[in-house]
Amino acid sequence: MKARLDIGFWTESIIHSYTQIFFSKDKFLGVLLITITFLDVSVGVSGVVAVIVSNLIAMILGFDQKFIREGSYGFNGLLVGLGLGLFYVPNVAFFVVLVVVMLLTVLSTIAISGILAKYGLPYLSIPFLIGIWSITLASRSFEAIGLSEKGVYILNELYANGEDWLVNTYHWFNESNIPQAILIYLKSLGAILFQFNAFSGIIIALGLLVYSRISFSLSILSFLVAYYFYWFIGADIDALGYSYIGFNFILSGIAVGSFFLVPSKSSYLWSFALVPAIVVLTAAIGSLFSIVQLGVYSLPFNVIVIIFLYVLKLRMNPQAEPQEVVFQLYSPEKNLYEKVSNKRRYSNFQQTAIEPPFFGEWYISQGHDGEYTHKEEWKDAWDFVIVDANEQQFKNDGDYKEDYFCYDKPVLAPADGVVENVLTGVEDNIIGDSNLNQNWGNTVVIKHGYQLYTQLSHLRDGSIRVKKGEEVKKGDVIGNCGNSGRSPYPHLHFQIQHTPFIGSKTLNYPLSSYLEEENGQWKFKFFDFPKQGDHVKSVDTQKLLSSAFHFIPGRILEFKVKEGEKETNVKWEVQNDMYNNTYLYCSQTKSKAYFVNDGTLHYFTLFEGKRNSLLYYFFMGAYKVLLGYYQDLKVEEQYPLYLLAPHGLRYLHDFTAPFFQYMKAAYSLEYVQIDDDLSPTEIKLKSSAQLKVFNQTQREMRFNITIQDSRFAGFEIEMDKRKMIAQCVK
């Protein structure tokens, strides 16, 4: 009931119903599209009424208000309404029929979306086709509604609506020396909103250009491919002009090249490759539909795009090019920049985090595809030992297992799980010997999820502390490193596998969070594969950091923010959505910062809202924080470009981005100071966000974070000669 009286809700639902036609949520584009439809008042009114009625029907039926607000149930009704407003004379009977057709269109939308959603496919404008064809055929026997003569007396209508300037503009666009291909493109673009003139087309094109450079370029290029294909095969190019079917190629180019697929060379090529198929299908359907005097409208676009997207879902490798958009941001540029960032950030990401099964620093004596035992089906495993500064594994002469630094050291559960298998009672070997009959020695297998197990082998006889069926938490001690089984010297064999059996085939699966020594410095690794000869260290979390970043749903954070003489109070609340995604929410700015905390690492994943809010700056400054303190350790990451690059600065870059990128947004975090290693009360971090163009820094934001008593005592932001200081008061 609240939404029914919410003006903001209805305003957004109307605007988004218009923008959805171009796969967008851009409000500027939406207002522009609404304005264009009112060049013919009856068409504009019919469209708005159709949207309101469609959304009201969806609300009465009890459908999700989120989708109503996004225009998901309104844009097909809008298209039908615009068509009716153009073709028929508005009167009482007209609006009654309009309501009936909206009911048919909404029901079709819901039914078709339910069917296609099972296959992960969009319903596009199929409901519009059902609605417009139904009324076109049925109205031939409806005497109360009459056909409009707008197309016959269009100049009179333009004069009535806009006086001389609109008539002159119409003449200029339709009778000037604009190249035929561009003129037909503009008319086809306008025809999407049932505005059959080039003036509407150029306004829509400008709106597209402001909204998305990628969509704009694809709309032109896809149309030109169709135009010259018509010329190449000797078809009637004029058909594109007088039938206005050219919008099929425009919409298919945008849909395939930039919306459903991540913009790339491959998506562009496929959007062009599908054009000839749409041309052939358009001609074939046009021949059939001419018999019953029905328009083809957007049917070819719907058929080809849905078939193509369905074919992509049948691929064995969904990561192959072109790649489908997984999380839709309703902006080709944002989809692309998120993909570029995530490819680096989550290149080996797995849902379950498997961490090194030990405390402190260890050395990999044998990695994947090892030179001794890690071969064939067992090639994806690691052998860990401890070495000294001279990379020796033992003290004295190493004649006794007790001489080895790793011997009897605790072995930990690498993640939460249930003990699936335990083998005990295998004696430790004398140094140099191997027990080939009991190859794996004392072993524990832990189940962490569906078809995900870890195996820890060669444990010390009598050290295993867990039993089959027992639940374990990440970091629990399950036993001690030993020298049992096929083990000539003490070491820990660690592998990840699909099945619960001891000695199962290994699985190529990364370690989630660890430190690796590179050139004498420790580097943080996130879901990566350490190699033979690497020194790796498990992350020891710091309680002060862990508590500060322990954002559980319901937690409230309040800040006093000072910038110059201005002081404001800001409040955040930790919330989670229906999909159990957790985020910080600022009610003052309606901003959200989604994050993940796996106990070892806090990292933000997505920001929605205002770029001048404190929450945005916190998102940028604490983008990725390791929850352990390591002096001078540097954590680096790459932001999606749109988060840092101003819209105007990346304007030209957006055109080239699917093919070549010369801008990047880089994040860096350093651990500056801790007041006490054993019992700290204060930790200081500093981070920066840098926008680089051809590797030259063009813009920088600097952040200082002070944590005291498990809260953010200070958060400072410096940028563009501005300085903000935020202090947590709760």
Looking at segment 205-215, can you tell me whether even one residue there is β-branched (Val, Ile, Thr) and crowded, with 24+ Cβ neighbours inside 10 Å?
yes
Find the residue count for segment 629-661, including only residues that are of a type in the set (D, E, K, R) and under 16 Å from Leu685 (Cα atoms).
4
Within segment 511-532, restricting attention to residues that are among the basic types (Lys, Arg) and within 13 Å of Val635 (Cβ to Cβ), which residue is surrounded by the most Cβ atoms within 10 Å (Cβ to Cβ)?
Lys525
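Conditions (1) within 14 Å of the chain's Cα centre (by Cα); (2) small (Gly, Ala, Ser), marked per residue:
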position: Pro318; (1), (2): no, no
position: Val325; (1), (2): yes, no
position: Tyr330; (1), (2): yes, no
position: Pro356; (1), (2): no, no
position: Gly360; (1), (2): no, yes
position: Gln366; (1), (2): no, no
position: Gly370; (1), (2): no, yes
Is one or more of the residues making up segment 617-624 in a helix (DSSP H, G or I), of a type in the set (A, V, I, L, M) and at pLDDT 95 or above?
yes
Hey, any hits in segment 74-93 for a residue that's touching a Ser or Thr at 6+ places or on another chain (Cβ under 6 Å) and without any contact (Cβ under 8 Å) to a residue 40 or more places away in the chain?
yes
Any chance segment 133-148 includes a residue that's of a type in the set (A, V, I, L, M, F, W, C), touching a helix residue (DSSP H, G or I) at 6+ places or on another chain (Cβ under 8 Å) and either in the same structural domain as Ile285 (by TED's automatic domain parsing) or in a helix (DSSP H, G or I) (or both)?
yes
Could you list, in sequence order, all residues of segment 656-687 that are under 20 Å from Leu627 (Cβ atoms), of a type in the set (Gly, Ala, Ser) and buried (at least 17 other Cβ atoms within 10 Å of the Cβ)?
Ser687
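For every residue, the table says whether it meets (1) farther than 24 Å from Gly628 by Cα; (2) of a type in the set (Phe, Trp, Tyr); (3) assigned to a loop (DSSP other than H, G, I, E, B); (4) out of contact with any Leu (no Cβ under 9 Å at 6 or more places or on another chain).
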{"site": "Phe501", "(1), (2), (3), (4)": "yes, yes, yes, yes"}
{"site": "Ser512", "(1), (2), (3), (4)": "no, no, no, no"}
{"site": "Lys525", "(1), (2), (3), (4)": "no, no, no, no"}
{"site": "Ser546", "(1), (2), (3), (4)": "no, no, no, no"}
{"site": "Phe551", "(1), (2), (3), (4)": "no, yes, yes, no"}
{"site": "Phe559", "(1), (2), (3), (4)": "yes, yes, no, no"}
{"site": "Glu567", "(1), (2), (3), (4)": "yes, no, no, yes"}
{"site": "Lys571", "(1), (2), (3), (4)": "yes, no, no, no"}
Unmet requirement for Gly30, which otherwise passes all of (1) on the phi > 0 side of the Ramachandran plot; (2) buried (at least 22 other Cβ atoms within 10 Å of the Cβ):
(1)
Looking only at segment 226-255, filter to residues that are over 20 Å from Val296 (Cα atoms) and not hydroxyl-bearing (Ser, Thr, Tyr); which one of those is surrounded by the fewest Cβ atoms within 10 Å (Cβ to Cβ)?
Gly234
Would you tally the residues in segment 394-430 being surrounded by 20 or more Cβ atoms within 10 Å (Cβ to Cβ), under 17 Å from Asp383 (Cα atoms) and either under 45 Å from the mean Cα position of the chain (by Cα) or of a type in the set (A, V, I, L, M) (or both)?
6
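Table: residues versus (1) in the same structural domain as Arg465 (by TED's automatic domain parsing); (2) at pLDDT 95 or above; (3) under 27 Å from Val466 (Cα atoms); (4) in contact with a Pro (Cβ under 7 Å, 6 or more places away or on another chain).
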position: Tyr372; (1), (2), (3), (4): yes, no, no, no
position: Trp378; (1), (2), (3), (4): yes, no, yes, no
position: Ala389; (1), (2), (3), (4): yes, no, no, no
position: Asp397; (1), (2), (3), (4): yes, no, no, no
position: Tyr407; (1), (2), (3), (4): yes, yes, yes, yes
position: Val411; (1), (2), (3), (4): yes, yes, yes, yes
position: Val418; (1), (2), (3), (4): yes, yes, yes, no
Could you check segment 57-132 for helices (runs of 4 or more DSSP H) lying wholly inside it with 1 or more residues that are within 19 Å of Leu193 (Cβ to Cβ), among the hydrophobic types (A, V, I, L, M, F, W, C) and outside the structural domain of Glu324 (by TED's automatic domain parsing)?
75-87, 92-117
Run Glu333 past the list (1) in contact with a Ser or Thr (Cβ under 7 Å, 6 or more places away or on another chain); (2) surrounded by fewer than 22 Cβ atoms within 10 Å (Cβ to Cβ); (3) more than 21 Å from Pro510 (Cα to Cα) and report the number of the one that doesn't hold.
(2)
Of those in segment 282-304 that are under 30 Å from Gly30 (Cβ atoms) and part of a helix (DSSP H, G or I), the residue farthest from the chain's Cα centre (by Cα) is Thr282
Would you tally the residues in segment 565-614 being farther than 21 Å from Leu544 by Cβ, aliphatic (A, V, I, L, M), crowded, with 18+ Cβ neighbours inside 10 Å and without any contact (Cβ under 8 Å) to a residue 60 or more places away in the chain?
1
Please give the number of the condition Val325 fails out of (1) under 25 Å from Tyr514 (Cα atoms); (2) touching a residue at least 60 places away in the same chain (Cβ under 8 Å).
(1)
Tell me yes or no: at least one residue of segment 478-485 is surrounded by 23 or more Cβ atoms within 10 Å (Cβ to Cβ), assigned to a loop (DSSP other than H, G, I, E, B), out of contact with any helix residue (DSSP H, G or I) (no Cβ under 7 Å at 6 or more places or on another chain) and free of Cβ contacts under 8 Å to residues at least 60 places away in the same chain.
yes
Which ranges mark the strands (runs of 3 or more DSSP E) fully within segment 680-730 that have 3 or more residues being of a type in the set (Lys, Arg)?
682-693
Glu377 is checked against (1) over 19 Å from Glu516 (Cα atoms); (2) in contact (Cβ under 8 Å) with a residue 40 or more places away in the chain; (3) in a loop (DSSP other than H, G, I, E, B) and fails just one. What number does that condition carry?
(3)
Which of the residues that make up segment 305-343 are part of a helix (DSSP H, G or I), within 16 Å of Tyr642 (Cα to Cα) and not aliphatic (A, V, I, L, M)?
Pro332, Glu333, Lys334, Asn335, Tyr337, Glu338, Lys339, Ser341, Asn342, Lys343
Condition met for Ala284 (small (Gly, Ala, Ser), surrounded by fewer than 13 Cβ atoms within 10 Å (Cβ to Cβ), within 30 Å of Ser512 (Cα to Cα) and in the same structural domain as Phe229 (by TED's automatic domain parsing)):
no
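The values are calculated or read from the model by the stated rules, or taken from the named source; none is laboratory data. Since the structure is predicted, the reported quantities are computational estimates derived from the model, not experimental observations. With ideal geometry, Cβ positions are generated from the backbone for all residues, glycine too; neighbour counts draw on all protein chains shown.
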